Amino acid sequence: MKARRKTARTDDTAAAGALKLRVAYAGIGTFMAFTWIGEGDAPAWERAVRTLAILLILPPVLLRTNRRLLHKLYEAARPGPVIAQLITARLVIITVAFGASNLLGHLLDPHAARSPVMPAVGLLILLLSIPVQIRRAHRLRARAVHPSARPDLSAPRLMLAKLALVAAALLTQLLVGAYLDGATFVAAAAIVITTAALGPRVHHRLLVSRNPTASREPVADGV
């Protein structure tokens, strides 16, 4: 009976983890599609260049900063200040990446019409995610295994995967654009579908193992 219960719990945990992974990649695909659509009336090549600019900034800087602060959070006696640093760093890095993309767009085409609605919506979504980030940070801190002992996303591998996705989206829009006026939305839909379908399958290839360190008993922060 105990063996069956343990097996059932293991299966439930694996199923929950797989579901979270699928939801995460669906969210990533939606985010990238949102970015692709939010380039105003820019041509396809400009959308690709600006999206690449974001990808070249976000993965290396954000993943390294996130990893360093998560290690600090795990070891801190008072998690509040470190969580504030973590969330602030994320907001600043993402804002800078998208600001650089917008600046690049103005340099490439100063006369293009650009609506502020999509950037404003993106900023609002980012701010609304703060409570979720706080709760997730407390849950990560409560784990018994140090973050350095868990596999982590590789910035180069992630960038390569997203570069391939952007190239495919660019090719899709160029091909579809010869026949349809809404090629931008077709490319955005292709980004969402491809990321949601293939992301969980290739996720393990995007991970790298870190040097394991000693584990400790889970902590309780009262959250």
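The values are calculated or read from the model by the stated rules, or taken from the named source; none is laboratory data. Since this is a predicted model, take the numbers as computed values, not measurements. Neighbour counts are summed over all protein chains in view; Cβ atoms, including those assigned to glycine, are modelled from backbone coordinates with ideal geometry. Surface accessibility is based on the protein's heavy atoms, side chains included, excluding ligands, DNA and RNA. Shrake-Rupley method; radii C 1.70, N 1.55, O 1.52, S 1.80 Å.
With a ≥ b ≥ c taken as the square roots of the eigenvalues of the C-alpha gyration tensor of the range 16-61, please select rounded if a/c is under 1.5 and otherwise prolate if a/b is larger than b/c or oblate if it is not?
Because a/c hits 1.5 or more and a/b fails to exceed b/c, the range 16-61 counts as oblate.
Just the number, please: carbon plus sulfur as a percent of the accessible area of the range 32-124, 1.4 Å probe, no ligands or DNA/RNA counted.
Roughly 71 percent, rounded to a whole number.
Could the peptides 123-132, 23-32 be put in order, highest first, of the mean number of other beta-carbon atoms found within 10 Å of their residues?
The most tightly packed comes first, giving 23-32, 123-132.
When only alpha-carbon atoms count, how far does the range 79-215 stretch along each of its three principal axes, as whole angstroms with the largest first?
For the range 79-215, the Cα spread along each principal axis is 58, 32, 23 Å.
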